[in-house]
Every structure is written in C-alpha cells, then in structure tokens.
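The values are calculated or read from the model by the stated rules, or taken from the named source; none is laboratory data. Remember, it's a predicted structure, so these values are computed and weren't measured experimentally. No Cβ is skipped: glycine too gets one built from the backbone with ideal geometry, and neighbour counts run over all protein chains shown.
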Amino acid sequence: MPADTWWKNGIVYQIYPRSFQDSNGDGIGDLDGIRARLDYLVALGIDAVWISPIYPSPMADFGYDIADFCGIDPRFGTLDGFDALVSDAHSRGLKVILDFVPNHTSDQHPWFVQSRSARNDPRRDWYLWRDPAPDGGPPNNWISNFGGPAWRFDPTTGQYYAHSFLKEQPDLNWRNPEVRAAMYEVLRFWLRRGVDGFRVDVLSQIIKDAQFRDNPANPDFVEGQDPFHRWLMLYNTDLPEVQEIVLEMRRVVDAFSDASASRVLIGELYLPLPRLVAYYGQSANGILEGVQLPFNFQLIGAEWQAAHIGQLVRDYEAALPAGAQPNWVLGNHDRSRIASRVGPEMARLAAMLLLTLRGTPTLYYGDEIGMTDVLIPADEVQDPFEKNKPGMGLGRDPERTPMPWSAAPHAGFTTGTPWLRLADDWRTRNVEAQSRDAGSMLALYQRLIALRRAQPALHQGDHEALQAGDDVLAYARNSGGQRLVVLLNFGTTSAPISPALIPRKPTVLASTDPARADVVDGPMVLAPYEGVVISM
C-alpha cells in the first residue's frame, strides 16, 4: 500500500491522557492506563491514537506549559513506559501521534530560566523580550488568549516578555535559527522513538510581527464579548513567515518516512477557509509540502442544519488544493462535546456524517459512547481559562472529564478520586453497558467504522453532492464501480425520499435507527434525525 494510506484512509482517535484510564490510583490517567485500553481501541476500529501532552510540566495549563520537551511527566509515567506503549500499539497495528507545542514553553523550562537571567544571556533572544512602552506599560496591545495583556513585566531585567497564553507560558522566538534547530531536534527525538506523527499546537501563532506593531481594532466587536476579540490578530497570527517554518517541519518529519509508512503533521488552525487550506503548502512534483492535515474545525461551530452543512462541505471541497486530503472533526479537548451541542439523537446523525464524508476523521475520546459536557461547580474548576475569565463559559473542564468504562466504583477509571468529577449518568452511560446493547451509540460507531473500513467508496472514494429536500443532506461516495448514497435527515419530522434518488428496494448498509430493516420494500421515508448509508 502507499506509505500515506494509514492517515488518508484511517481514523484518528484523540486521547486526553489525564482522563482516559488511571493505572495507579492517583486519579489521573496515565500511559499504562492507555496501554491497558489498547484492545478496546482495536475493537472500536480506529487506526491512530493522538495523545495530548504528556511532557514534564508544572501543569499551569495541564501539560501545555512544557518544562522538558524530551521527557515524560511522572504523573503519566516514564520514557520506558512510553516506549512500551508505542511498541504495544504498533504490534496491534495502531499508530501513535504526539502533541508538539512549538509556540511556547513553561516559565520553568531551563531555556527560559536562562533567558530571563540577564539581558546579555546567550538564550535571551530565544524568547520575545521588549522594553516597556513610554508610559511604562506593555510594548503593544496584543491580548493573551487567556485574558489580559500578552506581556508580562520581568523586574529582574526591566523588560516585558510575550505570552500568547498564560504568563507561565512564555512565547519562543521562532525568528531565531537556534530556536528552530532546537525544536526540530525535539521532533527527531520522538521520531527516533517510533512516533508516527505530530499534532502541532496553535501552529499559526508561532511567528509574530518583527516590528511588534499594535493590532487594529475589530469593527465587529460588541461590548460583553470576550475581550480577546477586541482586536484583530493581524500582527501575531498567520503571518506569511509561518509557511517557511511549516516547510521546515515537514522536511524533518519526511526524513523519517519510508516506503512502508509516512510520518504525518496535523496542524491546529482556527482560521477562515481560504487561510486554512494555505497550510497544505505548495506543490512540488505533485506533492503538497505543507501540513498533510490542517485541522478542519468547521463542524464544531456549524449551525446544525442540512443546507448549512451541505454548503460548508461543498465550499471546503472546492477550496482544497489538488491532491489535498480533507479531514473532519466533531470535537476536541477545547470545545463542548457534540452530544451537548446538538443533543443525543442528532449526535448519532453527526457520527454518520463524520464517518462517511470524504477525508480523515478524528474522534474525541468518549464521543463514541455519547459523553456530554459535565457541569463543574465553581469550587472544583481546574481550567485556568475559566479561572481567568470567570462567568464567560469558556472553561474546558466540562469536555475533559474521565472516561466511564463500567458501573464499577469511579466508573472503572480509577481506584482513587478522579481529578475531575464524572458525569451523573456514568453508571448507565459507560463502555461496558453499551457493549451489551446493539442499539447503543458505541455499537453505532463500531458499525460505521467497520463499514468505512470495508467499503472503498467510504475510505477513498470521491464526494458527490445530491439534492434530497430541505432537511435532508444527501451525497454519494464513489470509487471505481462502487456507489454509496448517504442520506441524513436533520429535520424533526419524517422525510420521504424521491424514488429518482435511490433504486427500488435499496439495501441499507447502516442506519442510525437500530430498527431499520436491511432492505426497504416500498417508498423510503427517513425518521426524524435518521441517517442511512445505501448501496447502489
């Protein structure tokens, strides 16, 4: 098979390690816990595991403030344990993808400790230091994603350092070639240990304006919104120079690819569509040289309505460069869960949409059992995003709660006290219970994943938009002589399907309705929120 088949035809599964499985009773998920659940992932049918940060960290931002890019935090395990996880995953045919966090370090990283020690230190220029403004305040109006100015005054040297997120997360200076060399060596460190790729955190933000100019005002800003949106991020995100870094990262990763499997880069990019697709890079000899999978987050913020999503899909398909691999995401560790956004019935429809659209799907742990956001009381909030901006509903704890495996104490996640509370329904909504229920969300995901794997039209076919009424999203997937039609009823009422769209007595390969027969004898009518895959 071509070396890129695994990430083009396969399915990526994101694990938030703190919340997947605890092996030692401290209430925090770990690498040995992930190892213990690899057979579950194989049974689910996914192809690659993406693990959120597991590096040594003070945990100001739960692992995204990294103190050592080439180690494992003791909370999660050891390097030997990581090697064992990679070996066990590979032996089961699973790939392993790590988070790469290039924009910043922890303020406790040795690089920053050295950088802040003196203005003439050799690592001073590894970070972004500026003199105060004439009034003594921050050098410009850049805003931190987590609230307040993106600058922190350091009295030791009398300058400000930039931090796009928490003050404990100083930004690296990617204009410095020594920083680039050091960070590329980080990639090589993990690639040598057998890692199959990286999801690159906040990729578009790693280069800032060389002149540190003020961002312009946002004309659409409304008082009461998150103050972060008061300014347009013209000078501290998506600068043209980022593309040069993307090309360099890709060359580092490609050096570890071989005829059997290529390594993959996945970019976290919350950008408008025209800018998003630019991260595929330029074509050289028919091969795009940027990020193979610039994350497509459009479904996360979409209006859940057939015509809107249909247009979104068509626009995305039309914008893709020649040879680009599409990808789709329903949720992640930073966004409300799909079942909370659209409700349990529509979440089943969303599962079929995700797994039948053209491109690489990424699942977020627990979505396959219909996990929902968990209300976290104020005195139990862990997320610094919520603590810095209380009352704005920006906290990410609700979508990061522990995976419920069974009705055993603490849902089988831990023998101790979970680091975040469990959902109220964990005794009934868990993996073990749903494994026994042929009509469960887990059973639906397993059927859809198996169907996607078995049918070339679904994992490698082209996409053809169809018309089937106002509330029905319809499209065909074609590969060679095979043609499958997907019909998704977003409406609250039944939807008759025109006989001109489907053959007489069509064969239903999958339905979100467990009661749907395999063959439809007579006119086809979709139930509210029902989706079907039909063989033509």
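General observations
- Against the test of being farther than 21 Å from ARG199 by Cα, under 18 Å from the mean Cα position of the chain (by Cα) and not in a strand (DSSP E or B), the options SER340, SER336 yield a single qualifying residue, SER340.
- Considering PHE198, PHE153, the condition of being outside the structural domain of TRP129 (by TED's automatic domain parsing), aromatic (Phe, Trp, Tyr) and either touching a helix residue (DSSP H, G or I) at 6+ places or on another chain (Cβ under 7 Å) or not in a loop (DSSP other than H, G, I, E, B) (or both) is satisfied by PHE198 alone.
- Scanning region 206-250 for residues that are assigned to a strand (DSSP E or B) and surrounded by 12 or more Cβ atoms within 10 Å (Cβ to Cβ) yields one hit, TRP231.
- Top-ranked residue in region 283-302 [being at pLDDT 95 or above and assigned to a loop (DSSP other than H, G, I, E, B); ranked as nearest to LEU466 (Cα to Cα)]: ALA302
- When ALA515, ALA476, ALA495, ALA510 are screened for being more than 26 Å from ARG453 (Cβ to Cβ) and among the aliphatic types (A, V, I, L, M), only ALA495 passes.
- Residues that are surrounded by 22 or more Cβ atoms within 10 Å (Cβ to Cβ) and either on the phi > 0 side of the Ramachandran plot or in contact (Cβ under 8 Å) with a residue 40 or more places away in the chain (or both), drawn from region 506-528: ALA510, THR512, LEU526
- Summed over region 132-149, residues that are modelled with pLDDT of 95 or more and of a type in the set (Phe, Trp, Tyr) total 1.
- Scanning region 262-282 for residues that are among the aliphatic types (A, V, I, L, M), surrounded by 17 or more Cβ atoms within 10 Å (Cβ to Cβ) and not in a loop (DSSP other than H, G, I, E, B) yields VAL264, LEU265, ILE266, LEU276, VAL277, ALA278.
- Checking ALA118 against (1) surrounded by fewer than 14 Cβ atoms within 10 Å (Cβ to Cβ); (2) closer than 30 Å to MET392 by Cβ, the condition it does not meet: (2)
- Single condition VAL113 does not satisfy, out of (1) outside any loop (DSSP other than H, G, I, E, B); (2) closer than 26 Å to VAL381 by Cβ; (3) among the hydrophobic types (A, V, I, L, M, F, W, C): (2)
- Tallying residues that are aliphatic (A, V, I, L, M), over 30 Å from ALA476 (Cα atoms) and assigned to a helix (DSSP H, G or I) within region 343-393 yields 1.
- Any helices (runs of 4 or more DSSP H) falling wholly within region 410-517 and containing at least 3 residues that are out of contact with any strand residue (DSSP E or B) (no Cβ under 7 Å at 6 or more places or on another chain): 431-435, 441-454
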